[in-house]
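Shown next, in structure tokens, is the structure this report addresses.
The values are calculated or read from the model by the stated rules, or taken from the named source; none is laboratory data. All figures in this text were calculated on a predicted structure; none of them were measured in a lab. Neighbour counts are summed over all protein chains in view; Cβ atoms, including those assigned to glycine, are modelled from backbone coordinates with ideal geometry.
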Amino acid sequence: MESSDDETSDGGRRITATDQDGNDIGAEIEWLRAATRLDQIVPGRYSNLLLLNLFCGWKSGFVDPSKVTHEIELLEGREKGGFKPPVQNKHPPLKGLWHKHYPRQGLRSLCINLEHGLNKYGIPLLEQKAAGIKAASEARYLTAEIKRDINELIDDAIDGNRNRLKKQQQLTGEWILFAKHEGKNYYLDIATHDKSTHDHVRKNIEAICYSEFPFLRNILEEA
């Protein structure tokens, strides 16, 4: 995908872009800009790089842009959500920036949180039922009641643990990258935990976001 941005008559920025076949996709990207309400939520404080990657993620099915903007809204309102609180990156190449988790589409995100919940909480309902059986000194056989118990245990392992993680702000996901400057957040890109991709993310930020937010150079290069 090739893209550029043009200044509109009201001083805003409008992206013109083509896909790999040369088709104009600028109108679709501008539709997504309006749908995400980024201009209302963080006017002048999000990058074209973020918008483009939200578009690519939406087209590929890996990212729901509304879930990203929901986490940004929570962050802007200083409200607690179910995902981990924002933290500052400690290691290059993204040292100096901050990240906030958001839910990625697909089974991978579900499985990561399922594993996290099982490691942290186990299956409380199973422990409760096992304690009851032990106390009653009963032998249990596979019956309709046991099958119902199994469904309840599955629900507790998946939905129950997810709700427990959410209550403790411990849900994990992929990253919304942002910078802090003069008391405000500037949203730059989305990224994954995969450290092998972070050099590429840094290069994209330098290539696109430095011109949009000149203070970024100091933040990243001093870090």
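Of note:
- Test result for LEU54, farther than 23 Å from ASN161 by Cβ and surrounded by 15 or more Cβ atoms within 10 Å (Cβ to Cβ): yes
- Among the residues of region 85-130, those identified as more than 18 Å from LYS180 (Cα to Cα) and in a loop (DSSP other than H, G, I, E, B) are PRO103, ARG104, GLN105, GLY106, GLY122, ILE123.
- For region 154-163, filtered to residues that are among the charged types (D, E, K, R) and farther than 8 Å from GLY117 by Cα, the residue that is nearest to the chain's Cα centre (by Cα) is ASP159.
- The single condition among (1) at pLDDT 95 or above; (2) part of a helix (DSSP H, G or I); (3) under 13 Å from the mean Cα position of the chain (by Cα) that ARG33 does not meet is (3).
- Residues that are at pLDDT below 80, surrounded by 11 or more Cβ atoms within 10 Å (Cβ to Cβ) and acidic (Asp, Glu), drawn from region 113-149: GLU127, ASP149
- Near pairs, Cβ below 6 angstrom, 6+ apart or cross-chain, from region 64-75 (over 14 Å from ARG33 (Cα atoms) and assigned by TED's automatic domain parsing to the domain that holds PHE178) to any residue that is outside any helix (DSSP H, G or I) and among the charged types (D, E, K, R): GLU71/LYS100; LEU75/LYS100
- Tally, over region 184-223, of residues that are among the aromatic types (Phe, Trp, Tyr) and in contact (Cβ under 8 Å) with a residue 40 or more places away in the chain: 3
- Residue that is part of a helix (DSSP H, G or I), of a type in the set (Val, Ile, Thr) and modelled with pLDDT of 95 or more, where the choices are VAL68, VAL63: VAL68
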